[in-house]
Amino acid sequence: MTGATYDRYGLTGNPFRELASENISDVELFHVNLEVDDALHAIEEEVFEKENRAIVAIVGEHGSGKTERLLLAAAEARQRRAFTVYFDVTAKTPWALRGLATEFRKTAEAAGLTKTFSSPAWLKGIQALEKLKDENYDPIAAGKAIGLALNETAPSLLLLNDMHNLMESREVHAFAKTLQEVTDVMKPGVLVMFVCYPSYLAWLTVNLAPFASRINRSFRLPGLTTDEASLLLAKKMLPKRLVEDLDPIYPFDRESVAALNEAAGGNPRRLLELADLAIEFGVAHRLYRVDSNVIRVVQPLRTSAAAAASAPARVPAKETYSEGAGTKSSPPVEKPTPGMKAS
């Protein structure tokens, strides 16, 4: 199917083909601001001004926007020239502490802080962590070294993505105790922010209560409202718009967006996956509008958790279209209705 077929929707192509915003430029372009973002911004502002210190947990299921918030924080920090260490804790991370130490060194190098004869004293502690031979390290000493590095470079941010991946690691206790020590020594101007699944925060609360008690704020990301879902879809479609004077959510309407969002449970990633299936279905059947009936047809095509973590499936061209209760027919062909201008 060629990109030209999307011109019936005033688009150059399927705007939902790439679902995740994995880089800073994308995340800033497509971000939909929620109430939680205002609270996060206020915390970050106090840190940038060295008025406060904080450890923050952002909690949510897969696709709820956790990594997006870390990337936004990183973008803002770099604009403010704050020392920012971003570290992905992946399921394949063999040793989190050494990997984190490596990211500290790389950040210091990028900031021009690593010089042959005048490297900062705190860097020696980080380099020592990077050279550790095994996972039987002293979490208190490691935490002090990281805390010193953050204090000396303040305003500074330590951003840890997907901490729940530590659950299967032998390092799960030691790394959390290291962060506990970081929170004990860090000073105003330092922010430690991590994101995780709810199960990991629950595990911390039961198994490492001293660390959990040091978390200043935890934010559970809410599901999108219909208005927020509409804005997200409109933002994703805007870069591919051919026609400016169409309704920003066309070929969807408010009813179909509400159906999409309900089917997605308010989850942004699932919303985009379903929108991808729906727009492919509409193109395959030469529909000029993707209505709520289309959503009911494509919803069963995304029925497993595995589908959320994989590339979206294309809708088969021969899929039948249900119009009305219990009837199957060729889809109606209607002309697009001009609406408000996309912005």
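Of all residues in segment 181-194, which are surrounded by fewer than 20 Cβ atoms within 10 Å (Cβ to Cβ) and either in a helix (DSSP H, G or I) or in contact with an Asp or Glu (Cβ under 8 Å, 6 or more places away or on another chain) (or both)?
ASP184, VAL185, PRO188
Output the residue which, of all residues in segment 1-24 that are at pLDDT below 60 and not in a loop (DSSP other than H, G, I, E, B), is farthest from the chain's Cα centre (by Cα).
Among those residues, the one meeting the criterion is ALA4.
Which is polar (S, T, N, Q) and in contact with a Pro (Cβ under 9 Å, 6 or more places away or on another chain), of THR102, THR114?
That would be THR114, the only listed residue that is polar (S, T, N, Q) and in contact with a Pro (Cβ under 9 Å, 6 or more places away or on another chain).
Could you look through segment 204-214, keep only residues that are in contact with a helix residue (DSSP H, G or I) (Cβ under 7 Å, 6 or more places away or on another chain) and either among the acidic types (Asp, Glu) or free of Cβ contacts under 8 Å to residues at least 60 places away in the same chain (or both), and pick out the one that is surrounded by the fewest Cβ atoms within 10 Å (Cβ to Cβ)?
Result: PRO210.
Being closer than 15 Å to ILE55 by Cα and surrounded by fewer than 21 Cβ atoms within 10 Å (Cβ to Cβ) is the requirement here; does SER199 meet it?
no
Taking only pairs six or more apart or across chains, which ones have beta-carbon atoms under 8 Å, a first residue in segment 146-173 that is closer than 20 Å to PRO94 by Cβ, and a second residue that is among the acidic types (Asp, Glu) and in a strand (DSSP E or B)?
So the pair list comes out as ASN161/ASP88; ASP162/ASP88.
Restricting attention to segment 292-300, does a residue exist that is closer than 15 Å to THR226 by Cβ and surrounded by fewer than 24 Cβ atoms within 10 Å (Cβ to Cβ)?
Looking for residues that are closer than 15 Å to THR226 by Cβ and surrounded by fewer than 24 Cβ atoms within 10 Å (Cβ to Cβ), one finds at least one in segment 292-300, hence yes.
Given the criterion among the small types (Gly, Ala, Ser), outside any loop (DSSP other than H, G, I, E, B) and touching a helix residue (DSSP H, G or I) at 6+ places or on another chain (Cβ under 9 Å), identify the matching residue among ALA42, ALA75, ALA91.
ALA75
Can you name every residue in segment 215-233 that is within 18 Å of VAL185 (Cα to Cα) and surrounded by 16 or more Cβ atoms within 10 Å (Cβ to Cβ)?
ILE215
The values are calculated or read from the model by the stated rules, or taken from the named source; none is laboratory data. For clarity, every value in this text was computed on a predicted model and none was experimentally measured. As a convention, Cβ positions derive from the backbone with ideal geometry for all residues, glycine included, and neighbour counts pool all protein chains shown.
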